[in-house]
1. Of the candidates K201, K77, K136, which one comes out as most mobile in a Gaussian network treatment of the chain with C-alpha springs shorter than 10 Å?
2. For K394, list long-range residues whose amide hydrogen, built 1.01 Å from N in the peptide plane, is under 5 Å from its own amide hydrogen.
3. Nearest 5 is fine: what % of DSSP beta bridges in the chain come out antiparallel, could you say?
4. Within 10 Å of each candidate Cβ there may be at most 15 other Cβ atoms; applying that plus a DSSP loop requirement, which trypsin sites (Lys or Arg not before Pro) in the stretch 298-405 survive?
5. Could you give the length gained on full extension between T338 and K20, defined as 0.36 nm per residue of separation minus the Cα-Cα distance, in nm?
6. Taking H as built 1.01 Å from N, whose amide H comes closer than 5 Å to the amide H of L263, not counting residues under 5 places away?
7. At q = 0.24 Å⁻¹, what log₁₀ I(q)/I(0) does the stretch 19-132 have when each alpha carbon counts as one equal point scatterer in the Debye sum?
8. Using just the Cα positions, wrap the chain in a convex hull and report its mean projected area in square nanometres, one decimal place.
Amino acid sequence: MASPNIVFTLFGATGDLAQKKIMPALLNLYTQEKISHDSVIIAFSRRPWTNDEYRTFIEPSLTENGVSKDALHKFLKHVVYAQGNFDGPTAFDQLKNKIEVVRRDRQVFFHLAVQPEFYEPIALGLKNAGITDSAKIIIEKPIGHNLKTAELVESALRKGFTEENIFRIDHYLGKAGLHDLVAVRQKDSEFESHLNKDFVKTIEIKILEQIAIEGRGEFYETVGAIRDVGQNHALEMLAMVTMDMPPNSAHIPEARAKVLQRLVPITTEKIAEHIIRAQYKGYRQEQDVDAHSETETYFKIKTEINNDRWQNVHISLEGGKAFELKVAEIKINFSDGTTKVCNIERAHTPDAYEVVLEKAIESDKTYFVSIDEVKASWKFIDPILEHIKDVSLKFYDKGVSSASF
Ligand SMILES: NC(=O)c1ccc[n+]([C@@H]2O[C@H](COP(=O)([O-])OP(=O)(O)OC[C@H]3O[C@@H](n4cnc5c(N)ncnc54)[C@H](OP(=O)(O)O)[C@@H]3O)[C@@H](O)[C@H]2O)c1
């Protein structure tokens, strides 16, 4: 089968994510012929550059994955640069002209690797320029800062795009370990028949990182660990293990949303019992961090799922920075004392970004977050964040192996 022929506009083409993840993933898809060798990548940002200047800028980010110089230069010939500012309408008209020249039978993609406040002006700019018809839009987490702002982002996107053509990335959904877990659930009927309150005592979701905030203090101060990994990655991991497995994989996002909607809300009165929040020592001395910052770099949320399958099974969601080791795992503790650990990270598998971009091109929505999942996760997280100050902030040493408070 011929590989898909695409015109892929990357907004934020000079940014951190574009350099570290998206352009390398596109290169790999190109070299593996998962996109056709006739595809066009339009790199969009404000700098007054020519095609060659952008190619020179991006090349060092593309030399690490073992691709030959020859293959890399062939790929770069398919990358063109578009200068523009999201603030004005002219950029979108110019982009339209660029796309029209190459569109023909190519599938049109817009990837928004930009700060979330730009999602709305970009979606509207594309709509007003008349280039949204049958195009697909890919956006990054965070989708909003809470339920209300997530709904605003959504209504802006829906002016130009249908739900079918909106791809919300949570790159954890591209991690091989999670798909292995789903495959086991689908194939191993004995394991699946034990995944419920009659056999499981507790489920622990854990995402610990070795890295601290790496100079991104300004960003992290407005986010904190709960918003950074709790509202998205940790809840998606939980959903993958607790959803009712649908007979048809296409319904997986629906099944994930359904279980997230059953999370028991954490009430104001019970918040101190259910939440631990902490900060690594030295965080307040990081660049661009307030000297009295209350931002959490670690959290643990204890909750339950209120449905027949999971009633009374204790669930914990934990995430934090500056730990001894990187850990991303789901631990299922069975009532008979046995444990199953699903490690989400697996060596020698394609990068999660490469996986999700390939799936967006294939239109496989099981790898993306539906709007119902976004809403359910904010509904659970918003009340926690509103009253988080009622929970005393604890402190931990950088490099500890686990948090014990
Ligand atoms: N970085 C990560 O590891 C990571 C991980 C997960 C999700 N994300 C999400 O991915 C998105 C991008 O993050 P990032 O870290 O890559 O951001 P970034 O490094 O700040 O990059 C922002 C990009 O937007 C462009 N830009 C800014 N204002 C513009 C304007 N008015 N008109 C046109 N272009 C403009 C910048 O281009 P110029 O300045 O060159 O014009 C730059 O290319 C964010 O939503 C973030 O939350 C990032």
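Rule-based calculations on the coordinates, nothing more; no lab input. Predicted model, so just to flag it, every value in this text is computed and none were measured. Cβ placement follows ideal geometry from the backbone for every residue including glycine, while neighbour counts extend to all protein chains displayed.
1. Between K201, K77, K136, it is K77 that shows the largest mean-square fluctuation.
2. R277, A278, Q279
3. 40
4. K326, R346, K398
5. Length difference between fully extended and current span is 110.5 nm.
6. N306
7. Evaluating at q = 0.24 Å⁻¹ gives log10 I(q)/I(0) of -1.49.
8. Computed as one quarter of the Cα hull surface, the answer is 20.5 nm².
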